[in-house]
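Taking it in order: structure first as C-alpha cells, then the write-up.
The values are calculated or read from the model by the stated rules, or taken from the named source; none is laboratory data. Given the structure is predicted, the values throughout are model-derived calculations rather than measurements. Cβ placement follows ideal geometry from the backbone for every residue including glycine, while neighbour counts extend to all protein chains displayed.
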Amino acid sequence: MSNKIQTLSGYIHEYAKSVQDPEHFWARIADSFHWQKRWDQVVDWNFEEPDVKWFTNAKLNITENIFERHLYTLGDKPAIIWEPNDPSEEVRTISYKELYGLVCQFSNVLKAKGISKGDRVIIYMPMVPEAAVAMLACARIGAVHSVVFAGFSATSLADRINDCKAKMVLTSDGNFRGAKKIAVKDVVDEAVEQTESIEKVIVLKRTGQEVSMKSGRDIWWHEAIDGVSTENQAEIVDSEDMLFILYTSGSTGKPKGVVHTCGGYMVYTTYTFQNVFQYSQGDIYWCTADVGWITGHSYIVYGPLLAGATTLMFEGVPTYPDAGRFWAICDKHKVNQFYTAPTAIRALQAYGTEPIEPYKLDSLQVIGTVGEPINEEAWHWYHDHIGKGRCPIVDTWWQTETGGVMISPIAGVTPTKPSYATLPLPGIQLAILDNDGKELIGNSVEGNLCVKFPWPSMLRTTYGDHERCRQTYFSSFKGYYFTGDGVKRDEDGYYRILGRVDDVINVSGHRMGTAEVENAINEHPKVIESAVVGYPHDIKGQGIYAYVICDMEGRSESNLIEEIRQTVTKIIGPIAKPDKIQIVPGLPKTRSGKIMRRILRKIATGETSSMGDTSTLLNPEVVEEIISGAQ
Ligand code: 6R9
C-alpha cells in the first residue's frame, strides 16, 4: 500500500485528516509496517512533563521492517551503493539480502562481546557501509546506538561516552577525507582513557595505518566477524524502547543526548522519506550528510532502508579530487534524488559553473536542502545549474529533536518559493507565538516557531536528565514544543525559517552552542573571559566570532589567537574553531553583570551605526574600543 501524496489537493486532504483525527491518520500509516504485536493506543501524551508515547505496548524490531519485510520482493535489489573517497577505488554495491547477512552477523558479534538489550554503543566511524551495519546491528539486538561525528575531539567523545555510560566503541584505524588521512583510533584511545565504562573497542581496518591495539580491550572488526553466523533472530522490543541517542548542542554549555524511540521514529521517517522525495522503486537516492548527524540517521539509513530504497553513501568531501565530485557521482550512479546542505551549495557556487559543465545531471528528478536557511541566490543557483530548472527543490526544515522533516514541499506537488520551507507535512500542527506566549493567528505573522500536537518521531527525553528536556523545549511556552527557531508565515501561509532565536549558532549546518565554544576558549590558561556570537558568513551561513579578554603578559597577540584556535579544536573539534578572534580589553555588560550579546552581534555584523542605547551599560566606554579593533 502506498502512502504517497501525489497532488496538491491530495496534500490538503491528507493534512486536514491528520489534524481532525490524528489517531486514525497515523494508525493507517503504521498499518503498513510489521508489528509483532499491535498497539493499544496510537498516542498518549502531555507536553507538561513532557510524556509522549506512540503506539503504546506495540512490539516490533525496526530491522525486521527493513529486512524480513522486504526480502521476498527486494532481496537482490541494492540497499546501499557506496562511493569511496578516492574515485579510483572500487564502488561497493550491497543488496538487501547481503546487508541482512552483514547486520545479522554483526548482531551476533555484539552479543558475543557482551552487549545486550538497552546497553549503549558508541559509533565513531567513517562513512562506510559498516557504519550503517553497526547502527542496524545495535537496533536488531535492542542495544542503543549513539553515533558521534568522527570530526569531534577526544574530549567531546569522552564526554558523550561518560554521559551515556557506553560499554563499547565501534571505530576504524583511520578515515580518508579528501587528500587527508585522519588517525581516528588515536582519538578513541585518548578518549577511552578518560572514561570507565568502555569494555571493548572494535576497530574496522580502513586506511591500513599503524594503530596500537590494547590487548583484552581492542578487537579487529574482520577478526570479530570471522566465521560468525549470518543468521540472527531479532530482539522484539517495545515501541517506546530507546532506539538511539544523538548528542546535539543547545544554548547551555553541555551537549544533550536527544533520545529517539523505535515505533514512532520508524513510521515517521519512512512516511516523510517517501513523500518529501517522492521516491519510486528503482530510483537511486543520495543524501550527502554524515551518519554522525540526524540527517544521516533518518535519511541515509533508517528512512530509505525502511522504504526499500537504494541509498547512496559517500565517504569523501565535495571538493576532492575536484569541485565537480558531487556532479560526477550523480552521473556515475544515475542519482534521481539528491539531498545536501546550503553550505555545500554555496561552497561549490564559489567555483563557478565550470566544474559542472562536464556532467549531464539528467537523471536528477528532485533536489533537496537541509540544515540551515538557504539564501535566495544559492536557491536559484541550485535550481538553475543543478536542477536545470526542471527539478523541484525541497527545502526541508527539521531538527535532531524532531527526528524527521517537519516543514517542506512535497516534491512536484507543493509549489516552491525560494528560501521558503513552504508548508507543514501532514501530522505537523505548527503554531507561531509572540514573546508573551500568545499564539499569532492568520497569515503575515512572525514569531517563535512551536508545535502544539505530538508527532511520532519527536524526542522523548534528553538522556539521563528529563528535567533538562522539559526546561529546554517545553517550558518557554506552556503546552507547546518550542523549536528555538524564529519563523515568518507570509501572506500565502508559507513558512520561512528566520534562524535561531536562542544562543545557538548554525555553522555550515552544524549547531554550536555559544556557551560551549566559550567554555572551550576559557580552557586556555591565558584567557580571562570570552563571549561568542554568530555573524553572517558567505559560505558557512554563520561564522563564529569570539571576543576574548586575555592576560597578555609575555605573549604576542597573533600567537595567542592561534593557541586559542587550537584549544577549541582540541576540546570540541575543528568545526567549532572561531573564524574571527578579537582580543578585547573588556566585554559590554549590564549592571547585573550579564554580557550584552546584542551589541557584540552588531559589531560582528558591522552594524555599528545602529547600536541602540548603550548608556545603561556598566562599562559603555568599552564598546568604542571593541568597535575600533573589530575585524
Ligand atoms: C536536520 C538538522 C536544526 C536547526 C534548526 C534550524 C536549522 C535545519 C533548516 C534550518 C532553515 C531549513 N535548520 N533545516 N533552517 N531552513 N531547511 O539540521 O538538524 O542539526 O539539529 O539542526 O537547523 O535552525 O533548528 P540539527
Considering only the range 320-336, I want to know if a residue exists there that is within 16 Å of the ligand (Cβ to nearest atom), at pLDDT 95 or above and either among the acidic types (D, E) or within 23 Å of the chain's Cα centre (by Cα) (or both).
no
Does at least one position in the range 600-615 carry a residue that is among the basic types (K, R) and either at pLDDT 95 or above or under 30 Å from the mean Cα position of the chain (by Cα) (or both)?
yes
Does the range 276-288 hold any residues that are within 16 Å of the ligand (Cβ to nearest atom) and either surrounded by 24 or more Cβ atoms within 10 Å (Cβ to Cβ) or over 12 Å from the mean Cα position of the chain (by Cα) (or both), and which are they?
V276, F277, C287
Checking the structure you have, find out if any residue of the range 315-337 is aromatic (F, W, Y) and within 23 Å of L136 (Cα to Cα).
no
Restrict the check to the range 342-364 and report whether at least one residue is within 9 Å of the ligand (Cβ to nearest atom), under 17 Å from T422 (Cα atoms) and buried (at least 24 other Cβ atoms within 10 Å of the Cβ).
yes
For the range 405-413, check the following and say yes or no: at least one residue is more than 9 Å from the ligand (Cβ to nearest atom), crowded, with 24+ Cβ neighbours inside 10 Å, β-branched (V, I, T) and within 21 Å of I29 (Cβ to Cβ).
yes
Mind checking whether some residue in the range 553-570 is part of a loop (DSSP other than H, G, I, E, B) and of a type in the set (A, V, I, L, M, F, W, C)?
no
Condition first: within 24 Å of R346 (Cα to Cα) and within 15 Å of the ligand (Cβ to nearest atom). Now tell me which residues in the range 516-535 satisfy that.
G534
Which is farther than 28 Å from W455 by Cβ and at pLDDT 95 or above, of L71, L8, L99, L60?
L99
Tally, over the range 347-358, of residues that are in contact with a Lys or Arg (Cβ under 9 Å, 6 or more places away or on another chain) and free of Cβ contacts under 8 Å to residues at least 60 places away in the same chain:
1
Condition first: more than 21 Å from the chain's Cα centre (by Cα) and more than 12 Å from the ligand (Cβ to nearest atom). Can you find one or more residues in the range 493-515 that meet it?
yes
Pick from V228, V301: which is touching a helix residue (DSSP H, G or I) at 6+ places or on another chain (Cβ under 6 Å) and over 28 Å from T462 (Cβ atoms)?
V228
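Rundown of residues vs (1) touching a helix residue (DSSP H, G or I) at 6+ places or on another chain (Cβ under 6 Å); (2) surrounded by 18 or more Cβ atoms within 10 Å (Cβ to Cβ), yes/no style:
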| site | (1), (2) |
| --- | --- |
| E439 | no, no |
| G442 | no, no |
| N448 | no, yes |
| T461 | yes, yes |
| D492 | no, no |
| Y495 | no, yes |
Identity of the residue in the range 259-275, hydrophobic (A, V, I, L, M, F, W, C) and crowded, with 24+ Cβ neighbours inside 10 Å, that ends up farthest from A137 (Cα to Cα):
F273
Of the conditions (1) more than 30 Å from I62 (Cβ to Cβ); (2) aliphatic (A, V, I, L, M); (3) in contact (Cβ under 8 Å) with a residue 40 or more places away in the chain, I441 clears all except one; give me its number.
(3)
Condition met for G257 (within 14 Å of the ligand (Cβ to nearest atom), in a strand (DSSP E or B) and touching a helix residue (DSSP H, G or I) at 6+ places or on another chain (Cβ under 8 Å)):
yes
For the range 366-380, does any single residue satisfy the condition of being away from the ligand (no atom under 16 Å from the Cβ) and of a type in the set (G, A, S)?
no
Can you tell me which residues in the range 521-539 are out of contact with any Leu (no Cβ under 6 Å at 6 or more places or on another chain), within 21 Å of K594 (Cβ to Cβ) and of a type in the set (A, V, I, L, M, F, W, C)?
I521, V527, I528, V532
All-but-one check, T483 against (1) modelled with pLDDT of 95 or more; (2) surrounded by fewer than 21 Cβ atoms within 10 Å (Cβ to Cβ); (3) within 12 Å of the ligand (Cβ to nearest atom), failing number (2)
